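Visitor: The structure under discussion is supplied below as structure tokens; questions concerning it will follow.
The values are calculated or read from the model by the stated rules, or taken from the named source; none is laboratory data. A quick note: this is a predicted structure, and the numbers were derived from the prediction, not measured. Backbone-built Cβ (ideal geometry, glycine too); neighbour counts: all protein chains shown. Each accessible area value is taken on the protein alone, full model and side chains, heavy atoms only, with ligands, DNA and RNA left out. Shrake-Rupley method; radii C 1.70, N 1.55, O 1.52, S 1.80 Å.
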Amino acid sequence: MLQLQNKLFLLPLCAVIFISCGFIDLRPVGIDIEPGVYDSILPEKFSPVIIKFDTEVIKNEAEMILQISSDYGAARGDIFWRDNDLYFVPVQGWTAGIRYTLSMTGTIRSVDGRESRLDRFIAFFAINRNPPPVLEWHSPSGSASIGTGNNIFEFHFSRSMDKLSVESALTIDGAGNITHEWSADDHILNVIPEKSLLPWVAYRWNLRDSAKCIDGVPLPRSYSGHFTTDSDQTLPYVTEVFPVLFSDGSWYPTGAAIETGLGLGHGIAVSFNKPMGESALRSLRFEPSLSGRTEFLSDNSIVHIFSRDPEPEVFYTLIISGDTRDSEGLKLGSDFKKYFIPDIPYLNVLSFTANAGSVTEAFPITNRALPVYIDPQTGELFFSIRFSLPFGLEEKINTPQRISLVPFFPGMLAPVALQYVSWISDDRLFMRWEGLKASDTDNAVHFYKLTVPGGRSGVSSAKGIIMKEDLIIYLEAIN
């Protein structure tokens, strides 16, 4: 009886609902998510996340409540629809081994007027769920003090790494161009700078978390460190400058002081208190200028080899630049100077003898002409020249060709010719000339000009031994 009464009560109520509101569909909006299992794995880098609705929904509202994020932040992706299914494809692809979280929190409305309140969270991986790699060890260690040259920076990882991603993620500020070398099945990376580092400078390195292992899982965090190139605290300086002589393929100290002991064929050696860098080869200069090249004698000494011997009796200054660096890159700091005068003599003429000794003059001859007797029949003149140094074989051959005797006054005198040459000794030259003419009875005086040329292109007794300047003797030809 009671059930009948309840039915009779509900019938008018339903009639009221149908009459006043029309039919109302109270079914929830059906939703299915792929991936749908917690911590499942999407197989590919660009595998889509799919939200499937069982009816047509208001699309922009559904898109707004969909979010996918990870520890790296919100994932950016392309969203599109296929019928009632909403697709999300990451722009840059999923990262392997990273846990992503899909969340849909909000109200979904279908086109037919139904509403559903969603509060769904699903965690998933892509490609794999392998553990991330870890930087286990590195050198230099934190705050290390190192040298500037021959450095190799080491990074040891817990897993085999993807080379390109690691090399792109690693920076060493200020190190310039670097070379990467991998070993131990790509667990160990050696980084080698192409050039030496600067001394007494703090360097910093950084390894971003974009570095990945071989199966694509990135580092869980970024790593960084710093070191200082200050292990060498000793500044370079010059310890000695001395003349050296080349013999049997090597340079040997002469034992003389540089100030007055630099001789012909010598080089100048410079020693330092420590091994020097390549800049030492460009460190030397001379005032006045001297040409040559510089080579290493040892790791802490150099030798300057002259392309031409210094000039005799010239006061020189050897300067080593303060910018010269040692092997660690430390500078001298200030110019080093050494003064010297080469121990190289000038060649001089000591005497001139003519007419079998009837005319002998020591030099210098000042402001006068020498009378010499000419054979009136042959026009011959005999004389000898004594030099201050002995001549070598080659120089004995070349010297007579450089000495000249020419008519000087009056201008109509005929040319003369060299008839005979002989070296009486290593330092005395005998010459016989013909075609000279003595002064005539009309008081016409005849002069001839004898020239022994000096300078670099003049007479030399040995390589580098030259006359300072031309020697000119005016000869008065008399009967």
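Visitor: Round to a whole angstrom and tell me the spacing of the C-alpha centers of segment 310-338 and segment 69-144.
Guide: 67
Visitor: Which value, in Å³ per residue, describes the convex hull spanned by the Cα atoms of segment 167-238?
Guide: Numbers: hull volume 8.1 nm³, N = 72.
Considering the Cα atoms of segment 167-238, their hull volume per residue is 112 Å³.
Visitor: Can you give the convex hull volume per residue for the Cα atoms of segment 218-257, as a whole number of Å³? It would help to have the intermediate numbers written out before the result.
Guide: Numbers: hull volume 5.9 nm³, N = 40.
Hull volume normalised by residue count: 147 Å³.
Visitor: Would you list, by chain and number, the lysines whose Cα falls below 22 Å from the Cα of residue 195, excluding same-chain residues fewer than 8 positions away?
Guide: 274, 331
Visitor: Provide the convex hull volume over Cα atoms per residue for the chain, in Å³. Each step should come with its number before you reach the end.
Guide: Working: hull volume 143.5 nm³, N = 479.
Cα-based convex hull of the chain, divided per residue, equals 300 Å³.
Visitor: Just to confirm a number: summing +1 for Lys and Arg and -1 for Asp and Glu over residues other than residue 381 whose beta-carbon lies under 12 angstrom from that of residue 381, what do you get? Can you show the working numbers first?
Guide: Numbers: positive: 432, 437; negative: 375, 380, 434, 476.
Net charge around residue 381: -2.
Visitor: Oh, and also: If you line up the long axis of helix 2-21 against the longest principal axis of the chain, both from Cα atoms, how many degrees apart are they, to the nearest 10?
Guide: 50
Visitor: How large is Rg/Rh for segment 371-479, to two decimals, with Cα atoms and a Kirkwood Rh?
Guide: We get a ratio of 1.01 for segment 371-479.
Visitor: Mind checking the dipole of the chain: about its Cα centre, +1 per Lys or Arg Cβ, -1 per Asp or Glu Cβ, Debye to the nearest 20? Walk me through the intermediate numbers first.
Guide: Working: 40 positive and 57 negative charges, 136 e Å.
Approximately 660 debye in magnitude.
Visitor: Where does the charge balance sit around residue 90 when Lys and Arg score +1, Asp and Glu -1, over other residues with C-beta under 13 Å from its C-beta? Don't jump to the answer; show the numbers that get you there.
Guide: Numbers: positive: 45, 76; negative: 44, 78.
That works out to 0.
Visitor: Using alpha carbons only, how many degrees (0 to 90, rounded to 10) separate the axis of helix 393-402 from the longest principal axis of the chain?
Guide: Helix 393-402 sits roughly 70 degrees off the main axis of the chain.
Visitor: For the chain, what is the mean residue ellipticity at 222 nm derived from helices alone (per DSSP H run of n ≥ 4: -39500 (n - 2.57); sum divided by total residues; nearest 500 deg cm²/dmol)? Please list the in-between numbers first.
Guide: Numbers: 4 runs with 43 residues, N = 479.
The helix contribution divided over the chain gives -2500 deg cm²/dmol.
Visitor: So what's the gap between the Cα centers of segment 157-216 and segment 221-264, to the nearest angstrom?
Guide: 35
Visitor: Let me check I've understood the local charge: for residue 436, count other residues with C-beta under 9 angstrom from its C-beta, Lys and Arg +1, Asp and Glu -1. What total comes out?
Guide: Every neighbour counted, the sum reads -2.
Visitor: Could you tell me which residue out of 148, 430, 225 lies farthest along the dipole of the chain toward its positive end? Charges go on the beta carbon: Lys and Arg +1, Asp and Glu -1, centred on the Cα centre.
Guide: After comparing all options, I get 225.
Visitor: Could you give the size of the charge dipole of segment 210-287 about its Cα centre, using +1 on the Cβ of each K and R and -1 on the Cβ of each D and E, expressed in debye and rounded to the nearest 20? Before the final figure, lay out each step's value.
Guide: Numbers: 5 positive and 8 negative charges, 76 e Å.
Dipole of segment 210-287, to the nearest 20 debye: 360 debye.
Visitor: Same structure again: Over the chain, average the accessible area per residue using a 1.4 Å probe and give it in Å², no decimals. Spell out each step's value before the answer.
Guide: Values: 26010 Å² over 479 residues.
Normalised by residue count, the accessible surface of the chain is 54 Å².
Visitor: Quick one, what does Rg over Rh come out to for segment 197-341 if you take C-alpha atoms and the Kirkwood Rh?
Guide: Values: Rg = 22.5 Å, Rh = 17.9 Å.
Dividing the radius of gyration by the Kirkwood radius yields 1.26.
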